[in-house]
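Here is the structure we will look at, set down as structure tokens.
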Amino acid sequence: MGILNVTPDSFSDGGKYADADAALQHAGELIAEGADVIDVGGESTRPGFEAVDAEEELERILPVITGIRQKYPVPISVDTRKTEVAAAALDAGADIINDISFLEESAMAKLVAERQCGYVLMHNRKTEDEDFIGKVCRDFEEKTAVLLAAGVNREQIMLDPGIGFNKTYEQNLELLQNLDAIVRLGYPVLLGCSRKSVIGLALNVPENERLEGTLATTAAAHYAGCRMVRVHDVRENARFLQMLEALHRG
């Protein structure tokens with residue numbers, strides 16, 4: 001999953017693709033580099049981000065989603081926490097809702113059921129439970145039950161452990177060490193750890209020097225059985241995974 005932030009303030013690439021033409025060009029580059037899905041986001045979720053209203057978010061993403069859909073035969077994911085934005089993005093041609101709010105809006109479940117679209121459920125809940133991994137798994141079971149009760153099919157759901165969201169540095173590392181516990185819940189798992197602060201803290205490097213650390217988390221995802229990684233550096237991660245898969249088959 002290639003990251004396409006059309007925001008002025010995302011933590012790593014804010015402002016680079018805020019222009020629709022630049023965003024479409026970058027989408028083409030991500031696809032050429034090996035992206036299977038393009039994830040379009042119109043609201044930054046970096047620490048301390050400023051929320052934008054639905055109208056502004058839609059003004060940012062709809063021209064990009066429409067342009068990608070017209071030009072490229074690739075699944076499109078919309079990175080949003082708003083049901084209103086998700087619905088309009090699906091109308092414009094998006095296939096997947098990537099909800100970083102952990103199903104904050106109950107109407108989102110109804111929308112996913114009605115549209116039969118893909119849905120990424122990202123863990124985003126603070127916990128001080130000593131059994132941290134167990135608590136994350138129980139949280140997922142609670143939220144997937146809500147989705148299923150609303151009429152969403154299991155096949156529509158993908159889980160994201162939510163690295164960097166309402167978690168301490170130590171909890172992020174613990175999650176990365178125990179991704180197989182999330183995989184065992186029985187849903188496909190997406191890992192989004194590209195260039196995140198857990199890597200910066202572990203290596204003491206800024207955002208633009210976190211490729212090697214990102215590749216290490218991609219390896220963790222691969223060996224735990226995750227189905228997808230959400231990354232900025234698509235070519236490097238795609239080649240890295242291709243080599244891991246060749247070694248695994250061997």
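So here's what we get for this one:
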{"read-out": "Residue match in the stretch 44-60 (condition: within 25 Å of Gly162 (Cα to Cα), under 18 Å from the mean Cα position of the chain (by Cα), of a type in the set (S, T, N, Q) and modelled with pLDDT of 95 or more)", "value": "no"}
{"read-out": "All positions within the stretch 47-98 that are more than 18 Å from Asp36 (Cα to Cα) and without any contact (Cβ under 8 Å) to a residue 24 or more places away in the chain", "value": "Gly48, Ala51, Val52, Asp53, Glu55, Glu56, Glu59, Asp91"}
{"read-out": "Scan of the stretch 6-37 for residues that are of a type in the set (A, V, I, L, M, F, W, C), over 15 Å from Arg60 (Cα atoms) and at pLDDT 95 or above, ordered by number", "value": "Leu30, Ile31, Ala32, Ala35, Val37"}
{"read-out": "Pair list, Cβ under 6 Å, 6 or more apart: the stretch 14-38 residue farther than 15 Å from Met1 by Cβ, other residue open to solvent by 40 Å² or more (accessible area, probe 1.4 Å) and modelled with pLDDT of 90 or more", "value": "Ala20/Pro63"}
{"read-out": "Residue match in the stretch 166-182 (condition: open to solvent by less than 70 Å² (accessible area, probe 1.4 Å), farther than 22 Å from Glu130 by Cβ and not aliphatic (A, V, I, L, M))", "value": "no"}
{"read-out": "Candidate set from the stretch 89-106 (those that are at pLDDT 95 or above and not in a loop (DSSP other than H, G, I, E, B)); member that is surrounded by the most Cβ atoms within 10 Å (Cβ to Cβ)", "value": "Ala89"}
{"read-out": "Flag if Glu207 is touching a residue at least 24 places away in the same chain (Cβ under 8 Å), more than 20 Å from Gly134 (Cβ to Cβ), surrounded by fewer than 19 Cβ atoms within 10 Å (Cβ to Cβ) and acidic (Asp, Glu)", "value": "yes"}
{"read-out": "Matching option when the condition is open to solvent by 50 Å² or more (accessible area, probe 1.4 Å), part of a helix (DSSP H, G or I) and of a type outside the set (Ser, Thr, Tyr), among Ala86, Ala32, Ala109, Ala51", "value": "Ala32"}
{"read-out": "Residue within the stretch 147-158 that is free of Cβ contacts under 8 Å to residues at least 12 places away in the same chain and among the polar types (S, T, N, Q) present", "value": "no"}
{"read-out": "Residue in the stretch 112-125 that is surrounded by the most Cβ atoms within 10 Å (Cβ to Cβ), counting only those that are more than 16 Å from Cys137 (Cβ to Cβ) and out of contact with any Gly (no Cβ under 6 Å at 6 or more places or on another chain)", "value": "Val112"}
{"read-out": "Residue tally, condition outside any helix (DSSP H, G or I), within 23 Å of Leu191 (Cα to Cα) and touching a helix residue (DSSP H, G or I) at 6+ places or on another chain (Cβ under 8 Å), over the stretch 63-83", "value": "5"}
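The values are calculated or read from the model by the stated rules, or taken from the named source; none is laboratory data. From a predicted model like this one, the values you see are computed outputs, not experimental measurements. Don't worry about glycine lacking a Cβ; one is built from the backbone with ideal geometry, like all the others, and counts go over all protein chains shown. What goes into the accessible areas is simple: the full protein's heavy atoms, side chains included, and nothing from ligands, DNA or RNA. Shrake-Rupley method; radii C 1.70, N 1.55, O 1.52, S 1.80 Å.
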